[in-house]
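The values are calculated or read from the model by the stated rules, or taken from the named source; none is laboratory data. All of these numbers come straight from a predicted model, not from anything done at the bench. Methodologically, a virtual Cβ is constructed for each residue, glycine included, from the backbone with ideal geometry; neighbour enumeration extends over all protein chains shown. Each accessible area value is taken on the protein alone, full model and side chains, heavy atoms only, with ligands, DNA and RNA left out. Shrake-Rupley method; radii C 1.70, N 1.55, O 1.52, S 1.80 Å.
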Amino acid sequence: MGKRSTKENKNIYQLAREDMELTRDKASELLSYISADRIEKIESEKSAPHPDEILAMGECYKRPDLANYYCSHECPIGQKYVPEVELKDLSQIVLEMLSTLNTIEKQRNRLIDITVDGEITEDEVSDFVSIQDTLNKISLSVDSLQLWVQNQIAQGNIDSNSILSTYNK
């Protein structure tokens, strides 16, 4: 049996591995091409992880959110373009999404007025920015719902074949 870490400031990768009750050696066996030494370097932040390692850890540790964390916190491109998606309960995701959809419904006519002439005038900018913010919230809600589904599949709570057969109808 491997030693248990007593380090206080564990990174997300170490916490995910430990949540699965895996030692570095056992995780390395399951990950096949990532050595225990490499896992230690990633977890101690002596070495940055590679995207393929993150994908493998996410699958092995049943944590698809590791990919979003990596992209939004560690990848230079992702830091600029990928928002962090928080893991939330389904009810919270749905309520936030419905609230935001209600807001955009109220803003719909204003968006039409702003864009009908193909220009955004000075007096329309603040309304347009507000509408854009609402659209970003809708996008984050969709991302959050997708992450929730991926987590449910990874945890075995949803059969991925059921999801795929529904989409293919």
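Quick look at the numbers
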| read-out | value |
| --- | --- |
| Cross-link table LYS26/LYS46; LYS26/LYS80; LYS46/LYS80, entries beyond 31 Å C-alpha to C-alpha | LYS26/LYS80 |
| Cα-projected label distance for GLN146 with SER72, points at 7 Å along beta-carbon direction, nm | 1.3 nm |
| Trypsin sites (Lys or Arg not before Pro) within segment 37-113: DSSP coil, no more than 11 neighbouring Cβ in 10 Å | LYS46 |
| Share of carbon and sulfur in the accessible heavy-atom surface of the chain [1.4 Å probe, %] | 51 percent |
| Kirkwood Rh, Cα atoms: Rg over Rh of segment 9-60 | 0.90 |
| Per-selection Rg to Rh, the chain - Cα, Kirkwood hydrodynamic radius | 1.10 |
| Relative contact order (%) - segment 99-169, alpha-carbon pairs under 8 angstrom, separation at least six | 29 percent |
| Of LYS10/LYS137; LYS88/LYS137; LYS10/LYS41, those spanning more than 24 Å from alpha-carbon to alpha-carbon | LYS10/LYS137 |
| Solvent exposure, largest accessible area first (probe 1.4 Å, DNA, RNA and ligands not counted), of VAL149, VAL116 | VAL116, VAL149 |
| As computed over segment 1-100, the Cα convex hull volume per residue (Å³) | 119 Å³ |
| Å² per residue, accessible surface of segment 34-136 at 1.4 Å | 64 Å² |
| For the chain: relative contact order, % (alpha-carbon pairs under 8 angstrom, 6 or more apart) | 18 percent |
| Equivalent ellipsoid semi-axes - Cα gyration tensor, segment 72-169, angstrom | 32, 18, 13 |
